[in-house]
Amino acid sequence: MKINKIQETEIWEVYDAWLKAYLNADIKTYSTYLDEAYHFIGSTSNEEFLNRKDSITFFEGTGEQFAGITDLRNETKILEVFDDSIFITHFCDFWFLNDAEWTYYGRFRLTSVMQQKNEGWRFIYQHFSMPDSKSDEGESIGLDKVSAENMELKEAIKRRTIELESKNRELEIEAALERVRSCTMAMQKSKDLQEVVKVIFDQLALLKINAEHAGIVVEYEPKKDWHFWVAETQDIPAKITVPYLDLVWDQQFTEAKKYGKQFFTTLLNFEEKNSFYEILLPHIEGLTEKARRFYLTCPGLAISTVIEKDIGLYIENFSGIPYSQEENEILKRFGKVFQQTYTRYLDIQKAEAQARESQIEAALERVRSRSLAMHKSEELADAIGLLQRELAKLEFALDNCIFWIIDKESLEASLWVAPVNDTYLPESYHVPFTNLPYFKEVFEGWEQRNPKWTYVLESENKKRTDDYLFNHTGFKNFPDEIKEIFRQVEKTYITISFYNYGGLHVSSIEPLSEVQAEILSRFSKVFDQTYTRFLDLQKAEEQAREAQIESALEKVRSASMAMQKQEDLLEVINLLSEQLVKLGVQMETAFFSNGLQLGEWNLWIYTVTGDESAVTDYIHFPEVNHPIFIRSKECIQDFKNGKADFFKDVYDKEEKDTWLDYTLTKTVYKDLPSEAKDYLYNKPGFTRSTIFFKDTSVGIGRYNTIPFSDEEDELLKRFANAFNLTYTRFLDIKKAEEQAREAQIEAALERVRSRTMAMQSSEELADAAYILFEQLNVLGVTHERINIGIVNEEKQTIDFWITEQGGNKLNSSFSGRISEPTTISKAYSAWKKGAKSFVVDLKGDELKSWLNYLINEIKIPFKKAFLHNRRVQTLGFFSKGMLIISSPEPLQEEALYLLEKFAGVFDLTYTRFSDLKVAEANALQAERDLVEIKLARQKAEEALAELKATQDQLVQQEKLASLGQLTAGIAHEIKNPLNFVNNFSEVSNELIDEAFEELEKIEGSDEKEEIIAILEDVKGNLSKVLEHGSRANGIVTSMLQHSRGGDGKMEPTDLNALLKEYVNLSFHGMRAGKTPINVDIALQLDEKIGKVNLISEDFSRVIVNLCNNAFDAMRQKTEEVPGSYQPKLTVRTKSEKNQVFIEVEDNGPGIPDEIKDKILQPFFTTKKGTEGTGLGLSITNDIIKAHGGKISIHDKEQEGAVFVITLPIIS
């Protein structure tokens, strides 16, 4: 090899870059220049590394020792070329930086061998040494010896190269196999197998194997068709299917497969090869004449074939030279890799089939779901559009998609067409059948229910069919541009899958494949099922719609029947209007008239203000000269004359705007926001529908010029009939309310009269007045202050009693001179003239003068909250004076009427007051007597209460006494037999013991042993008798204790001391028992509690019973949780609101919810065997009840229980 100047420059650039990286420990740069087969020998015996990785590792560990502190001086570089290698010998003095001074280390020789690789010049060998032993005296460098050594090094490199070439060949084969694997792993579809075969073919070529043809055998079946995927130098199909021809290769493959042979070769000379091809080539579809000539003129044919589990892999060359053993071994390795490839291919094929089926099923499900979601026939257009899109996703190339619905009786069809060129066709097209061939064939195909009917529409037949469709059927309404698209198609393949109601039609420029026709048939079946469902839904929808309407009407009727007062009518109006909107009536307003007058209107108007909001107003319209008002009067007159009851009107924008000018300035609508007014003015007009009844009318409207549909008008009529009934009920309620109001007023007046007649003294005038004022409030007459004025003409004053401001109670009085000009003089003048009522409206200076008179002259205080810029005094007169109501605004008309009536009643009150004044002197003694009677009555009531308490206690004592008598009887009847049972069982036990002693004296025998066994059994039985007899005795004793009380006398007792004594007694009793436990006792006693009335001998049993139960519960938990649990008993007292509370708390296992209601019952116990009688808590409960108290239980399971005793504190 010779190198030019450019190459030499490149070599020195690489060498210098490597050297710089080496001297600076730049591992990343240094390592890029080393070949994978790099060999390094250093200057010491242990520095030899036979590969790149170990060399880099060594450099990583030692590079930092000289990085940045070395300098090469006195350098000589020699470059030599040996075959394809470059030798560089580099002599230099090595200096290093020692502290701050450069120090000479020695003379070095760096020998490097480089080769050009794909990525550039790379080092394959390096040797560093010192000193230079090859230089003769007087020579600076021994160049001849260096050349000789380099020759030896060349021979070593040649040997190393052979080794590396062998390794490189293996790496090349592995790389080729890896490319095949990578290609295989990248497969997504079965057709990618073609690419995998090509990769195998290319990799064999890269490995310099003379494979002019490579192929694989798949889907092998003995003596059936062959299926090949091939790649070769000639232009032939990638996928070939040929029959089994029984050729030599066919026979070899079949035999090898049969006997499990994995490899065979085939070698054919020119004549044999041509005989082979002359039979094979005619069966290869798509084979070019050029390829056929090549095969028949090539010298021979050599084939090597590898057979794996699922595939066969073979290579051919057309020179007839057999493949070497090495090449065949490589082929076998490719075969194994390809078997892996084909396994993946089969998985992909299966996955593709499953994915395709899933894709079809998903498409069917989407169409099925959309079809089932249809609610009206117009939605069929959406469904057919979806179907077309789904078919397109399934790779159908369609011109159009049509849904046929055929009527056999009329020989007509409705056709729903999918969108064409993105033009949506939202309606069906009516098509009568005709004698044209196409329609005859369609009808015949439908009668046969052919699921895969096909037809080619072309030439004159297509022209005639198009002319008929676009001129004589519903398709004449087709958009012109869509018609033109259909006409331009010269030939179309139509496939229709027929079903019961019609068929699913697609057309395309190419006929559908059998698979596509089958898919279309499946979609057709879905449409058949869903259209049946659709027809059912259509019928159900009509019924549901009617049910929905009836439900809405029923809601209105129910609301009408539920009306209790006039105001409820508004709720019915809102409900009725909301139901109309929910039923799809496109209205913006609804109106309901209160009466049916020819002049003015009184209307409830419901207005939709948003998506989910509306407002209803009651509006008075005075008569106005406007087309809407005039037309309304005409309609009312026509209705009253019996001409019609339903009318429809449409008004243009000008008429609508002039009506708005009136309503938005003269009615409550003047306060509408400007945005709402602008919205109404921008609308094009107004339309309304109205129906009239005897006393009312109902209408709906919207702000456009489109009349309401027949369906909307029909709904209006039905709901208006319901409202007519509602309005009739409203009038009835109104009448009833007026009667009830009058009755309410009379009742209020009667209350005042009754209180007046009940007056016993003149001082009760304030109470009678309070009742009067209260009744005025009840009747809705609001005020800030009420005055009673009595005219005193002799003194020329009016004496006033006045309430507090904002109240009804008389709290002060004053006398006002009749001459006071602002109010009193006017009131007196009206009273004098005999008026029923009078109003004084004070403002400005008059109001200031009146307030100044009240505050400064007669000293009537005023609260600032009740000072206003206006004060209205409303007066109702009676014979002796007047009632005066003060308020900031005038009273309503009804309030004035009520004031007049109450003034008349107060006349009676004042007369009664005057009579009482006269009679009070004579009634003083009677009043004293009444006081004494009241005191006597109070004492009697107290005595009665004490007697009742005593009686309750006696009843409880009687109960306990009765139980004591019963228990005594039980003791008398049961205790003696029990004593006999217990005594004789003890005596019998003693006799058996004596028998045992006598038996000891007798010699042993079987009979003796049997007697002993029997006696032992008898002794065991007697023990059981004694045990249960003792238990029965304990129960009887407890019953006696349960019934036995103390002397029944309650005495003041120091509760805290009693608790301390008996808690301590119970604790020591437990400690002295069989199974004592350690318990922490915490007494939290309220020192404020003094003495409490108790029967101490009874209540002590309560304390002992509760403590004993707590100890038993904590003993049980100690056994369940040994070691980690410390029992604690807490007893606390506290007093609150005439009651004292005693709490006994333990931290035992608590009380389960299911037994809480039982534990206070007699004889209920949770203790085992004979340990408890079940009477302790029952006795406790009875004693507490006898003290007038109660016991309650609180607990958390596994955390303890608290018994709370509540006792009354009796003075």
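Nothing in this text is a laboratory measurement; each read-out follows from the coordinates by a stated rule. Since we're looking at a predicted model, the values are computed, not measured. Because the Cβ atoms are built from the backbone with ideal geometry, glycine has one as well, and the counts that use them run over all protein chains shown.
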| field | Debye intensity ratio I(q)/I(0), log10, the stretch 39-80, q values 0.15, 0.19 Å⁻¹ (C-alpha model) | value | -0.54, -0.79
| message | Suppose we take every Cα in the stretch 186-353 and form the convex hull; what volume per residue is that in Å³? | response | 111
| query | Counting every Cα pair in the chain, what percent are over 51 Å apart? | reply | 73
| query | Quick one: what Rg and Dmax do you get for the stretch 839-899 from the alpha carbons, in Å? | reply | 12.7, 35
| task | Only Lys, Arg, Asp and Glu count, each charged at its Cβ (+1, +1, -1, -1), so figure out the dipole size of the chain about its Cα centre, rounded to 20 debye. | result | 4420
| Cut-off 14 Å, label 7 Å out along Cα→Cβ of residue 1051, residues of the stretch 1071-1114 by amide N | 1092-1100
| message | If you scale each eigenvalue of the Cα gyration tensor by 5 and take the root, what three semi-axes come out for the stretch 588-736, rounded to whole angstrom and sorted largest first? | response | 24, 18, 17
| query | Which whole-number percent is the relative contact order of the stretch 373-542 (Cα, under 8 Å, 6+ apart)? | reply | 24
| said: Can you compute the FRET efficiency between residue 1024 and residue 999 using 1/(1 + (r/R0)^6), with r the Cβ-Cβ distance and R0 = 35 Å? Round to the nearest 0.05. | reply: 0.95
| request: Can you tell me the order of 710-722, 977-989 when each peptide is scored by its average per-residue count of other Cβ atoms within 10 angstrom, highest first? | output: 710-722, 977-989
| How large, in Å, is the stretch 373-542 by the Kirkwood hydrodynamic radius built from its alpha-carbon pairs? | 16.2
| Do any of 1024/1158; 224/309; 1060/1134; 1156/1190 go past 22 Å between their Cα atoms, and which? | 1024/1158
| field | Using a Förster distance of 56 Å, the FRET efficiency for residue 736-residue 939 (Cβ separation, nearest 0.05) | value | 0.60
| field | Gain on full stretching of the segment that runs from residue 550 to residue 101 - 0.36 nm per residue minus C-alpha separation | value | 150.5 nm
| message | Modelling each spin label as a point 7 Å along the Cα-to-Cβ direction, I'd like the residue 79/residue 326 distance in nm, to one decimal. | response | 3.4
| request: Place the peptides 833-840, 363-370, 869-876 in order of packing, highest mean first, counting for every residue the other Cβ atoms within 10 Å and averaging per peptide. | output: 869-876, 363-370, 833-840
| message | How far apart, in nanometres, would the label points at residue 379 and residue 893 be if each is projected 7 angstrom from Cα along the Cα-to-Cβ direction? | response | 5.7
| field | All aspartates and glutamates inside 18 Å of residue 640 as judged from Cα atoms, apart from same-chain residues fewer than 8 positions distant | value | 600, 695
| Mean Cα-pair separation over length for the chain, i.e. relative contact order, pairs under 8 Å, 6 or more apart, % | 4
| Distance between modelled label sites at residue 618 and residue 674, nm, 7 Å Cα→Cβ extension | 3.3
| field | Placed amide H near residue 47: partners under 5 Å, 5+ positions off or other chain | value | 42
| field | Reciprocal of mean inverse Cα separation for the stretch 758-922 (Kirkwood radius, Å) | value | 16.1
| Under 12 Å from a point 7 Å along the Cα-to-Cβ line of residue 239: which residues of the stretch 325-355 have their amide N that close? | 349
| query | Expressed as a rounded percentage, what relative contact order does the stretch 1048-1208 have, with Cα pairs under 8 Å and six or more residues apart? | reply | 23
| request: Once you have the Cα-Cα distance between residue 1009 and residue 602, take 0.36 nm times their residue separation minus that, and quote the gain in nm to one decimal. | output: 134.7 nm
| said: Using a Cα-Cα cut-off of under 20 Å, which lysines could be cross-linked to residue 191, ignoring same-chain neighbours fewer than 8 residues away? | reply: 239, 350, 393
| note | Links exceeding 25 Å between C-alpha atoms in this model, out of 408/491; 555/666; 833/880; 1091/1137, come to 408/491; 555/666
| task | Sort the following peptides by mean Cβ neighbour count (other Cβ atoms within 10 Å, averaged over residues), highest first: 324-337, 841-854. | result | 324-337, 841-854
| said: Under 13 Å between alpha carbons, and skipping anything fewer than 8 positions from residue 1008 in its own chain: which aspartates and glutamates qualify? | reply: 997, 998, 1000, 1016
| field | Modelled FRET efficiency - R0 51 Å, residue 571 with residue 532, Cβ distances, 0.05 increments | value | 0.70
| Which entries of 257/332; 261/336; 975/1074; 1074/1117 show an alpha-carbon separation above 21 angstrom in the structure shown? | 975/1074
